[in-house]
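The structure appears right after this line, and notes come after that.
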Number of protein chains: 2
Amino acid sequence: MKLASLKEGRDGRLVVVSRDLQQACHAEGIAPTLQAALDHWDECERALRALYQRLNRGECNMAFAFAPGSCAAPLPRAYQWADGSAYVSHIELVRKARGADMPPAFWTDPLMYQGMSDGFLGPCDDIALANESWGIDFEGEVAVITGDVPMGITAEQAHPHIRLLMLVNDVSLRNLIPAELAKGFGFFQSKPATACSPVAVTPDELGTYWHHGRVHHRLRVLLNHQLFGEPEAGVDMTFGFDQLIAHASLSRRLGAGTIIGSGTVSNRDEHSGACCIAERRTRELLNTGAASTPFMRFGDRVRMEMFDEQGQSIFGAIDQQLVPYRGPAT
Amino acid sequence: MKLASLKEGRDGRLVVVSRDLQQACHAEGIAPTLQAALDHWDECERALRALYQRLNRGECNMAFAFAPGSCAAPLPRAYQWADGSAYVSHIELVRKARGADMPPAFWTDPLMYQGMSDGFLGPCDDIALANESWGIDFEGEVAVITGDVPMGITAEQAHPHIRLLMLVNDVSLRNLIPAELAKGFGFFQSKPATACSPVAVTPDELGTYWHHGRVHHRLRVLLNHQLFGEPEAGVDMTFGFDQLIAHASLSRRLGAGTIIGSGTVSNRDEHSGACCIAERRTRELLNTGAASTPFMRFGDRVRMEMFDEQGQSIFGAIDQQLVPYRGPAT
């Protein structure tokens, strides 16, 4: 099943989207918003799936053309966004570039930070930021949306709590990160709003490409229409989403609609390219002694998409332009 | 105006509470939940204030006795919880105890972390955690709830966006913090669910005790019915809430219902006592060479309250017992 939220009010308007992303249908009478559906999943799931089947068979009278540009994030605002950093070879690479060893525990104890969840960008929304000199970067990731997760569950117990998957662009301000992390409290100003793919899908949509809590498709990232990277999201993912959820729930329950991110998708094989500029710069530094690819400039456009084995886009594309923020209206 | 949320569903049921905290009245017909009121503040505020005035005059037919024990947090789940650490002399003290100098920038650039907001504890809810050895501590804080805040505002521009104030108990797992912060991504597992006072109040309720973005009353903290501390919350607060909001909004807008915390209230004057065990232990270490006060043990009870100049409780009391969490139901 594929779900999206059309832009409307603060929480969007839930629609069911056909498998080929061509048609959509309002979920009226089932749940007004995706958050409402997640809050009452057991009561809503069957009806949503029935509507999805009718839509795919062309039997939905109220269907209309699906337009990703009219989409908000599947959850335009959420109660929790916890972003892991599950591709540990990526962390190792970045640390190597600055001459730092990586603690061995990083292979067994996931990194995770609490991100801002009160406002996600829609898939085609501009990234509006005040200052190019902040070192604006994208990060292509996979994320899951959970149902209610009890405190203290194991990775094995986590699987049935995964409701949906989507892609995210975790925008990062690289030049603000060193000073912010040096303060010791983690990211805050250096992590502005994150964008989400138009569509979130249930795990069964991925068939055999979803196993061990990992998505085994390539994440294709374009910068200004040029291929930037297309690593396979399952290969070098040290921690599956089941393990990330178990990590997150050690000392807290997770409310329905919690979003858990994979961290920047990355492969050891550098021929796969990168899903963020920072990784490419790191490889340039290691290979040539200098990072030559600049961070994003106003006007740049980043696109992220994942395709199934038939070449069909699974989640639709994140496709965003970086624009200058002109300050608060006064 | 004083507002609370009775336990009901995921978001509670909004009630207006009388100034003396004796009576309450449902806000039906105005807004079903506090989040809904914050989402539509301009449309709701006048009607809520009118109801509050009738309630205070004893003219509200539907009034009933207000029972803090039936309260959820004012926002049982919120879209953002950003906790500052605005009492810099507290940070300086803690660092001094471990022989670390404090960077001078800490006096001008606030520390802030993104906390979990998907589930706040009600004022009288048990703190249920699995492991006493985590070093379970309380932190008494003041917090504000904002309306919609544009990105990039100044501290001066922040003031009108402060809708409500409340108290919070930012539960912290001291023995998990060092390893977690050493990983570089900030707090996650070491910051379980935070509790809130029964009532959130508009700034005008504080009269002249609210100025320069600071609350000039003492926060009284009891551990097992013994006075633990009662520092004045305004005195040594290096950054006012206006400055904390400006810091938070540098690279993001803040959605309505964002909660911004002060960090543990602390005075330089050690006769004021402490609002967390860690601070008392730090002073013990500096004064005697050893920390003697243990962290919380199962069965311990912590109470936090703030009184006005007439001795009236402003926000009601946070009053919680620490109990063992027995693991997820299977």
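The values are calculated or read from the model by the stated rules, or taken from the named source; none is laboratory data. What you see is a predicted model; the values in this text were computed from it and never measured. As a convention, Cβ positions derive from the backbone with ideal geometry for all residues, glycine included, and neighbour counts pool all protein chains shown. Please note that ligands, DNA and RNA were not included when accessible areas were found on the heavy atoms of the full protein model with its side chains. Shrake-Rupley method; radii C 1.70, N 1.55, O 1.52, S 1.80 Å.
Being closer than 19 Å to A:Phe66 by Cβ and crowded, with 23+ Cβ neighbours inside 10 Å is the requirement here; does A:Ala37 meet it? Working first, answer last.
Values: closer than 19 Å to A:Phe66 by Cβ: yes; crowded, with 23+ Cβ neighbours inside 10 Å: yes.
Criteria met by A:Ala37.
Looking at B:Phe298, B:Phe228, can you tell me which residue is away from every other protein chain (no Cβ under 14 Å) and part of a strand (DSSP E or B)? Before you say what the answer is, go through the steps one by one.
Values: B:Phe298 fails: part of a strand (DSSP E or B).
Of the residues listed, the single one that is away from every other protein chain (no Cβ under 14 Å) and part of a strand (DSSP E or B) is B:Phe228.
Take the residues in the stretch A:301-316 that are outside any loop (DSSP other than H, G, I, E, B) and open to solvent by less than 40 Å² (accessible area, probe 1.4 Å), then tell me which one is farthest from A:Leu165 (Cα to Cα). Full working, then the answer.
Of the stretch A:301-316, the ones outside any loop (DSSP other than H, G, I, E, B) are A:301-307, A:313.
Right, trim to open to solvent by less than 40 Å² (accessible area, probe 1.4 Å) and you get A:302, A:304-306, A:313.
Details: A:Val302: 20, A:Met304: 15, A:Glu305: 13, A:Met306: 12, A:Ser313: 14 Å.
Applying the filter and picking the extreme gives A:Val302.
Only one of B:Val215, B:Val265, B:Val235 is surrounded by fewer than 23 Cβ atoms within 10 Å (Cβ to Cβ) and farther than 30 Å from A:Pro324 by Cα. Can you tell me which? First the steps, then the outcome.
Values: B:Val215 fails: surrounded by fewer than 23 Cβ atoms within 10 Å (Cβ to Cβ); B:Val265 fails: surrounded by fewer than 23 Cβ atoms within 10 Å (Cβ to Cβ).
Being surrounded by fewer than 23 Cβ atoms within 10 Å (Cβ to Cβ) and farther than 30 Å from A:Pro324 by Cα holds for just one of B:Val215, B:Val265, B:Val235, which is B:Val235.
Find all pairs meeting these conditions: Cβ atoms under 6 angstrom apart; at least six residues apart or on different chains; first residue within the stretch B:315-329 and of a type in the set (Asp, Glu); second residue in a strand (DSSP E or B) and at pLDDT 95 or above.
From the stretch B:315-329, the pairs are B:Asp319/B:Arg303.
Kindly list, by first and then second residue, each pair from a residue in the stretch A:34-57 that is more than 26 Å from B:Gly9 (Cβ to Cβ) to a residue that is assigned to a loop (DSSP other than H, G, I, E, B) and open to solvent by less than 10 Å² (accessible area, probe 1.4 Å), limited to pairs with Cβ atoms under 7 Å and residues at least 6 apart or on different chains.
Qualifying pairs under 7 Å: A:Tyr52/A:Met1; A:Leu55/A:Ser18; A:Asn56/A:Ser18.
Within the stretch B:272-289, how many residues turn out to be without any contact (Cβ under 8 Å) to a residue 60 or more places away in the chain, in contact with a Lys or Arg (Cβ under 9 Å, 6 or more places away or on another chain) and either farther than 11 Å from B:Arg220 by Cα or part of a loop (DSSP other than H, G, I, E, B) (or both)?
First, the residues of the stretch B:272-289 that are without any contact (Cβ under 8 Å) to a residue 60 or more places away in the chain: B:272-274, B:280-281, B:284, B:287-289.
If we keep only those that are in contact with a Lys or Arg (Cβ under 9 Å, 6 or more places away or on another chain) too, we end up with B:272-274, B:281.
With the extra rule that they be either farther than 11 Å from B:Arg220 by Cα or part of a loop (DSSP other than H, G, I, E, B) (or both), the set shrinks to B:274, B:281.
Counting residues in the stretch B:272-289 that are without any contact (Cβ under 8 Å) to a residue 60 or more places away in the chain, in contact with a Lys or Arg (Cβ under 9 Å, 6 or more places away or on another chain) and either farther than 11 Å from B:Arg220 by Cα or part of a loop (DSSP other than H, G, I, E, B) (or both) gives 2.
Taking the conditions exactly as written (within 14 Å of chain A (Cβ to nearest Cβ) and of a type in the set (Gly, Ala, Ser)), does B:Gly234 satisfy them or not? So that I can check it myself, show each step before the final result.
On the way: within 14 Å of chain A (Cβ to nearest Cβ): no; of a type in the set (Gly, Ala, Ser): yes.
Judged against the criteria, B:Gly234 is not a match.
Might you check whether a residue that is hydroxyl-bearing (Ser, Thr, Tyr), farther than 24 Å from B:Gly119 by Cα and touching a Pro at 6+ places or on another chain (Cβ under 9 Å) occurs anywhere in the stretch B:44-59?
Residues of the stretch B:44-59 hydroxyl-bearing (Ser, Thr, Tyr): B:52.
Narrowing the set further to residues that are farther than 24 Å from B:Gly119 by Cα leaves B:52.
Cutting the leftovers down to touching a Pro at 6+ places or on another chain (Cβ under 9 Å) gives us none.
No, that holds for no residue.
Counting just the residues of the stretch B:9-34 that are of a type in the set (Val, Ile, Thr) and open to solvent by 10 Å² or more (accessible area, probe 1.4 Å), which one comes out nearest to the other protein chains (Cβ to nearest Cβ)? Spell out the reasoning first.
Applying the first criterion (of a type in the set (Val, Ile, Thr)) to the stretch B:9-34 yields B:15-17, B:30, B:33.
Now narrow it down to the ones that are open to solvent by 10 Å² or more (accessible area, probe 1.4 Å): B:30, B:33.
Numbers: B:Ile30: 18, B:Thr33: 13 Å.
Within the stretch B:9-34, the match that is nearest to the other protein chains (Cβ to nearest Cβ) is B:Thr33.
Quick one: how many residues across the stretch A:103-155 are open to solvent by less than 30 Å² (accessible area, probe 1.4 Å), over 30 Å from A:Glu43 (Cβ atoms) and more than 8 Å from chain B (Cβ to nearest Cβ)?
Final tally of qualifying residues: 9.
Please go through the stretch B:171-186 and pick out each residue that is more than 7 Å from chain A (Cβ to nearest Cβ) and in contact with an Asp or Glu (Cβ under 9 Å, 6 or more places away or on another chain). Lay out the reasoning, then the answer.
Filtering the stretch B:171-186 down to residues more than 7 Å from chain A (Cβ to nearest Cβ) leaves B:171-172, B:174-180, B:182.
Across the stretch B:171-186, the qualifying residues are B:Val171, B:Ser172, B:Arg174, B:Ala179.
Testing A:Leu164 on (1) away from every other protein chain (no Cβ under 14 Å); (2) part of a loop (DSSP other than H, G, I, E, B), one condition comes back false. Which one is that?
(2)
Check A:Glu270 against each of (1) at pLDDT 95 or above; (2) open to solvent by 30 Å² or more (accessible area, probe 1.4 Å); (3) within 22 Å of the chain's Cα centre (by Cα) and name the one condition it does not meet.
Just one mismatch for A:Glu270, condition (1).
Condition (residue is assigned to a loop (DSSP other than H, G, I, E, B), open to solvent by 60 Å² or more (accessible area, probe 1.4 Å) and away from chain B (no Cβ under 14 Å)) applied to the stretch A:74-97: is it met by at least one residue? Full working, then the answer.
First, the residues of the stretch A:74-97 that are assigned to a loop (DSSP other than H, G, I, E, B): A:74-80, A:85-87.
Subset that is open to solvent by 60 Å² or more (accessible area, probe 1.4 Å): none.
Within the stretch A:74-97, not a single residue is assigned to a loop (DSSP other than H, G, I, E, B), open to solvent by 60 Å² or more (accessible area, probe 1.4 Å) and away from chain B (no Cβ under 14 Å).
Taking B:Gly327 as the residue in question, decide whether it is within 14 Å of chain A (Cβ to nearest Cβ), buried (at least 17 other Cβ atoms within 10 Å of the Cβ) and touching a Gly at 6+ places or on another chain (Cβ under 8 Å). Even if it seems obvious, please write down each step before you answer.
On the way: within 14 Å of chain A (Cβ to nearest Cβ): yes; buried (at least 17 other Cβ atoms within 10 Å of the Cβ): no; touching a Gly at 6+ places or on another chain (Cβ under 8 Å): yes.
Answer is no for this residue.
Can you confirm whether the stretch A:179-199 contains a residue that is surrounded by 23 or more Cβ atoms within 10 Å (Cβ to Cβ) and among the β-branched types (Val, Ile, Thr)?
yes
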